[in-house]
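The values are calculated or read from the model by the stated rules, or taken from the named source; none is laboratory data. No experiment lies behind these values; they were computed from the predicted model shown. A quick note on method: Cβ atoms are made from the backbone with ideal geometry, for glycine too, and the neighbour counts reach across all protein chains shown. Please note that ligands, DNA and RNA were not included when accessible areas were found on the heavy atoms of the full protein model with its side chains. Shrake-Rupley method; radii C 1.70, N 1.55, O 1.52, S 1.80 Å.
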2 protein chains.
Amino acid sequence: MREPHYFEDFADGQVFRSGPYRMERDAIIAFAREFDPQPQHLGEEEAARSQFGQLVASGWHTAAVSMRLFIQDALPPIARGGQGLGLENLVWVRPVKPGDELHVEVEVLSMRPSRSRPDQGILKARIITKNQAEEVVQSTVTSALVPRRAAG
Amino acid sequence: MREPHYFEDFADGQVFRSGPYRMERDAIIAFAREFDPQPQHLGEEEAARSQFGQLVASGWHTAAVSMRLFIQDALPPIARGGQGLGLENLVWVRPVKPGDELHVEVEVLSMRPSRSRPDQGILKARIITKNQAEEVVQSTVTSALVPRRAAG
């Protein structure tokens, strides 16, 4: 278990990499039923008649898994929890299929104190999600509030 | 059940609104355990010691629910499934708490043929997610490929 990290424990240019996460067929379908019920995500038969012609994961499933890998496996734990502010951009570059193994590569792009919240800093990072062939499937830039040590 | 819609069935400036979706405490915790295991999302006790001081939904949970409302309730069904290309921007404006009832308001910003895929068009829309007090909790602009009727 790594120690909780504060704003001061991160630096521009740091790079983190997560371990792999396997996208299981049943999990792809279960996520889609709940959050993205479109034919390409719901089962082989419906998917065959879809734009993709085969079962693929919802982009939102890939995004949620990328968050899990980012927060739980790539970054050390953030003291008192990071507060996501949003994404500058998110693109789904390639489809994700059952059995694909995803990992994320994170680069810290900048660290700056928050103007409105002196007890927090803003961490901005690029998160690239790749499959087992090292092909990029998703790319995004995210910002989050991270508590400062003095405030801990 | 509404008829499947093709690219030609949408137009700039159309506005769609979904019904409400209640964010249940147990679903907030279950989503967080799987995708965003940070103290503010995992239970009342951990959340009390977090930046938020109370249990709040993961922003990714709000995003996934917004997708569900967008695709299943606000827009008519897209023939053969829409293909999400990504988001220009996504911001989480206010925390979402257990018992909040969310809905989305969708405005079609533009419709244009795809240059690389003549059988598809690109629909760009702003999706605003609001709570029961009509306060904005999330805002994003998304683009998706939608099949053209001639190709159907």
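So the values come out like this:
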item	result
Percent RCO, i.e. relative contact order, over chain B, from Cα pairs under 8 Å lying at least 6 residues apart	30
Residue mean of other protein chain beta carbons inside 10 Å, A:72-82	4
Per residue solvent-accessible surface (Å²) - region B:5-145, probe of 1.4 Å	41
With DNA, RNA and ligands ignored, accessible area of residue A:103 (1.4 Å probe; Å², nearest 10)	10
Inter-site label distance for residue A:110 and residue B:112 at 7 Å from Cα along Cβ, in nm	2.8
Built amide H within the under 5 Å cut-off of residue B:120, gap 5+	B:114, B:148
Geometric extent, Cα atoms of region A:6-59 - Rg, Dmax (angstrom)	17.1, 52
37 °C / 0.692 mPa s Stokes-Einstein diffusion coefficient of chain B, Kirkwood radius on C-alpha pairs, µm²/s	200
Under 5 Å, built H, 5+ apart or other chain: amide partners of residue B:100	B:23
Residue B:6 accessible area, assembled protein chains, probe 1.4 Å, Å²	40
Size of electric dipole in region B:5-145: Cβ of Lys, Arg +1 and of Asp, Glu -1, about Cα centre, debye, nearest 20	360
Lys/Arg +1, Asp/Glu -1 at C-beta; the protein assembly as shown dipole; positive extreme among B:55, A:71, A:86	A:86
For the protein assembly as shown: span of alpha carbons on each principal axis (Å, largest first)	62, 46, 32
Hits among lysines - C-alpha to C-alpha of residue B:130 under 23 Å, sequence gap 8 or more where chains match	B:97
Neighbour count of at most 16 Cβ within 10 Å plus DSSP loop: longest GluC sites (Glu not before Pro)-free window in chain A	A:25-133
Inter-chain Cβ neighbour average for residues B:50-59, partner chain, 10 Å	4
Per-residue HN-Hα couplings for region A:91-99 [Karplus 6.51, -1.76, 1.60; θ = phi - 60°; Hz; x = Gly/Pro]	10, 9, 8, 9, x, 10, 10, x, x
Coil-residue trypsin sites (Lys or Arg not before Pro) of region B:10-42, DSSP, other Cβ within 10 Å capped at 15	none
